[in-house]
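See structure below.
The values are calculated or read from the model by the stated rules, or taken from the named source; none is laboratory data. Small disclaimer: the values here were computed from a predicted structure and weren't measured. Note: ideal-geometry Cβ built from the backbone for every residue, glycine included; neighbour counts use all protein chains shown. For the accessible areas, the whole protein counts, side chains as well, though only heavy atoms, and no ligand, DNA or RNA atoms are used. Shrake-Rupley method; radii C 1.70, N 1.55, O 1.52, S 1.80 Å.
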Amino acid sequence: MKNETDPSVYLVCYNFKTVRLNRRQPTTIGREKYNDIVLNDLMVSRQHALLCWENDVFVLKDLNSRNGTFLNGKKISSVALKDGDIIKIGSYEFALRAASGMDVEKMLLKEKGRIASHETIVDSDLGISFSDSGFSGNLAALSLVEVVQTLSQCLKTGLLTISSDRDAKFGGKLFFKEGEIVHAELKGNTGVGAVIAILNLPEGQFEFKNDVLASEQTVQESTVGLLMEACRRQDEEHRQETQS
């Protein structure tokens, strides 16, 4: 992390968007909306911490927060960071990673797969293929909700195509712009209805291609809200099945 030719540096959190750090501009962390990283947690102060580039390293500084800033389990006031460090602020944990964007995507997808399958090995084989143009895989290893969460966290722009093992004509498409779903297509339908129907697909294959742009915007709702609605409907269907 010592010069501009080194890999990009990211803050990676499994329940928050991935943040690429800027060597030229400090990154503020806190509860108020004017911060660069806004954490909705009462344990987080309004102005909690600062990340800045000093003497060829990123430095983490606590801004006299009420509940403290922690690095690798220890409370800090100001400390130089290294690759692999774990930052804890309130209920949020961030891993500092000096890596390519593709490496960050791999890490997030593997961790989601590990959690979903209750495995203990982060680098378990999920059957996902990565390339410079994107990645592809099978929904047997990773749910579509988890794939969409990762694309949202990584602020991706591109096209996610979904095919069904049972329906050759399924052909769902989700277009992303900076991590948000902006357009969806499924069997002639578009918009939110198409998004929910696609997210409820239990099995099949997916392929994401970077930097494919949507020709129109048919989705205005936030991706987080759409994921919550899809999960709510899945829970309701499961409840009805168990009661019948």
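Here are a few things to note about the model shown:
- Under 5 Å between amide hydrogens, built in the peptide plane, is the criterion, and for residue 135 it picks out 208 among residues at least 5 positions away or on other chains.
- Solvent-accessible area, 1.4 Å probe, carbon plus sulfur percent, for the chain: 47
- Phi-based couplings in Hz for the stretch 141-158 (Karplus 6.51, -1.76, 1.60; Gly and Pro marked x): 9, 8, 6, 5, 4, 5, 5, 5, 4, 5, 4, 5, 4, 8, 6, 7, 10, x
- Applied to the stretch 170-185, the Karplus parametrisation 6.51 cos²θ - 1.76 cosθ + 1.60 on θ = phi - 60° returns per-residue 3J(HN,Hα) values of 4, x, x, 9, 10, 9, 10, 9, 6, x, 10, 6, 10, 7, 9, 9 Hz, with x for Gly and Pro.
- In summary, the aspartates and glutamates within cross-link reach of residue 33, defined as a Cα separation below 13 angstrom excluding same-chain residues under 8 places away, comprise 41.
- The residues of the stretch 23-66 have, on average, 61 Å² of accessible surface per residue, using a 1.4 Å probe with all protein chains present.
- Exceeding the 18 Å Cα-Cα cut-off - candidates 156/187; 74/106; 61/82; 61/88; 88/177: 156/187; 74/106; 88/177
- For the stretch 27-40, putting each phi into the Karplus relation 6.51 cos²θ - 1.76 cosθ + 1.60 with θ = phi - 60° gives couplings of 10, 9, 10, x, 8, 6, 5, 6, 6, 5, 10, 9, 10, 7 Hz, in residue order, rounded to whole numbers and with x for Gly and Pro.
- Classification of the chain by its C-alpha gyration tensor yields a prolate form. The axis ratio a/c (a ≥ b ≥ c) is 1.5 or more, and a/b outweighs b/c.
- The angle between the Cα long axis of helix 101-117 and the longest principal axis of the Cα atoms of the chain comes to about 70 degrees, rounded to the nearest 10.
- Candidates 221, 93, 146, ranked by Gaussian network fluctuation over the chain, Cα under 10 Å, top entry: 221
- Ordering of 63-75, 154-166 by packing [mean C-beta count within 10 Å, highest first]: 154-166, 63-75
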